[in-house]
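The values are calculated or read from the model by the stated rules, or taken from the named source; none is laboratory data. None of the values given here were measured: they were computed from a predicted structure. Heads up, the Cβs are rebuilt from the backbone with ideal geometry, glycines too, and the neighbour counts pull from every protein chain shown. These accessible areas exclude ligands, DNA and RNA; they are computed on the full protein's heavy atoms, side chains included. Shrake-Rupley method; radii C 1.70, N 1.55, O 1.52, S 1.80 Å.
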Amino acid sequence: MKKLASTLIAASVAATSMMASAAVTAVKVEADLSHASYSSSVWDSAKFSDVVLYPQTTIKLNDKNANAANAANKGKKAQIAAVYNGKSIAFMLKWADSTMNIQTGYKTDVYADGFAVQFTQSKDADTLPYIGMGSVGRPVIIHLQKAVKKYYEPNGNGNVEYQVNRNQTDLFDEELKRFDKKVAGIGSNDYERTFVSEGFRSMTEIKDSSNSSYARLGYKEGGWMGTVSRSLSDANLQLTDGAIPVAFAVWDGEKLGRDGLKNLSQWVSVKLEGKSGGDELVAALGEQTKGDVAKGKEAVATNGCVGCHQVEATDPANLMAPGLSNIGGYSTAAYLRESLVKPSAVVVPGYNRNAHSNYMWYTEDNGKRVSTMTDYSWLDADSMDNIVAYLRSLKAEVE
Ligand code: HEC
């Protein structure tokens, strides 16, 4: 008994000394953050960290042009900072984008640049929601901001679909000038949405007062600056721990990006400076896999994975199961392990039968989705580590 206790202490000391550092540190500030935007002086005291956002190549859109435009996408480096006070937490995301793409209407083929910040209620690093937009039973809260033109909203509800474009008015001459003036005065270019989501196609916008957030987007010197500020605690989310998992996404309208066609980070740990707790989460999200990449590649070839997945290739024509070419860029080691051991724990949402016509991703059993992927829980521990290490290595070069 005595021996066991000392072994445990030794192990915990070793774990502490090897502790990974959080990907982003939220600096504690006194300032009011309820309307923090990219021009707020509060960012002067923030610490910016590089976080790479990888092209999400899991799911193809049924759009040839968009798929072609995005076939050779690279990882995008974003500079991310966070600040918090007793009530709120705010994030700033800066990323390079040489073209400014602004949505000028509703449901056109013009797509906007934009970004999202994703949170989860879950604290267990081993069962975090699916990284894209949550998954069944594992919801996420998503704050989405897209670049839209200044519009006059007659109903004041901020519904883009009811906004009035100047070209669609029957106004002319001085009347049109008066209209433009009115738009400048009361129009809004704020497209801010917050969703609860259990997977793409199951997103529910939070429209009631349970959400109090503030997002802004500005363009300067070849890049965007986006900010989101939200309460640490409300009916949808309680961010009470010393470290929280957060994920970031950006869309490029120039490349017809929308929906799943985006660049996405993995769940990254954000440490709230001066607050205790959350060390396990930081360690788990920063986990270095111990497997052998070359052996993992071999194991993937011999265990039939390539019969269903495109692993390194990204040929949209014969895409069946999710593409794995960037899986290491946006997945944690724990998620990959779970994918192999319990394929149905997370069934990748957003399956598009037209784009992935060669293979059914799931069947239904009593209203529950059951993955059609082979269960690999029988793999020995070494093979599992090797495969996970190999999958973690699968990601595009960084721009
Ligand atoms: C019989 C076909 C089939 C085989 C064989 C197969 N998979 Fe899958 N895999 C799927 C399907 C379908 C999905 C999507 C449904 C789901 O989430 O389970 C999937 C999902 C995944 C995911 C999650 C992808 C994401 O984007 O989140 C990973 C990782 C994965 N598979 C890895 C592997 C590896 C590694 C192997 C081999 C050891 C393998 N698969 C073998 C069909 C297969």
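In the set (1) crowded, with 23+ Cβ neighbours inside 10 Å; (2) farther than 27 Å from Ala31 by Cβ, the condition left unmet by Val246 is number (2). Taking region 219-302 and the strands (runs of 3 or more DSSP E) fully enclosed by it, no element has 2 or more residues that are modelled with pLDDT under 95, in contact with a His (Cβ under 6 Å, 6 or more places away or on another chain) and of a type in the set (Gly, Ala, Ser). When the residues of region 79-98 are filtered to those that are within 14 Å of Tyr219 (Cα to Cα) and among the small types (Gly, Ala, Ser), the one that is modelled with the lowest pLDDT is Ser98.
Scanning region 307-320 for any residue that is open to solvent by less than 10 Å² (accessible area, probe 1.4 Å), near the ligand (Cβ under 9 Å from one of its atoms) and more than 30 Å from Phe91 (Cβ to Cβ) turns up nothing.
In region 49-62, which residues are more than 16 Å from the ligand (Cβ to nearest atom) and either within 18 Å of the chain's Cα centre (by Cα) or open to solvent by less than 20 Å² (accessible area, probe 1.4 Å) (or both)? Correct list: Ser49, Asp50, Val51, Val52.
If you go through region 323-338 and pick out every residue that is out of contact with any helix residue (DSSP H, G or I) (no Cβ under 9 Å at 6 or more places or on another chain) and part of a loop (DSSP other than H, G, I, E, B), you end up with 2. Of all residues being outside any loop (DSSP other than H, G, I, E, B) and away from the ligand (no atom under 11 Å from the Cβ) in region 339-385, which is least open to solvent (accessible area, probe 1.4 Å)? Just the residue, please. Looking at residues that are outside any loop (DSSP other than H, G, I, E, B) and away from the ligand (no atom under 11 Å from the Cβ), I get Asp385. Got at least one residue in region 116-126 being of a type in the set (A, V, I, L, M) and under 18 Å from Gly218 (Cα atoms)? Scanning region 116-126 turns up at least one residue that is of a type in the set (A, V, I, L, M) and under 18 Å from Gly218 (Cα atoms). One residue stands out among those in region 132-155 that are away from the ligand (no atom under 16 Å from the Cβ) and not in a strand (DSSP E or B): the one that is modelled with the lowest pLDDT, which is Asn155.
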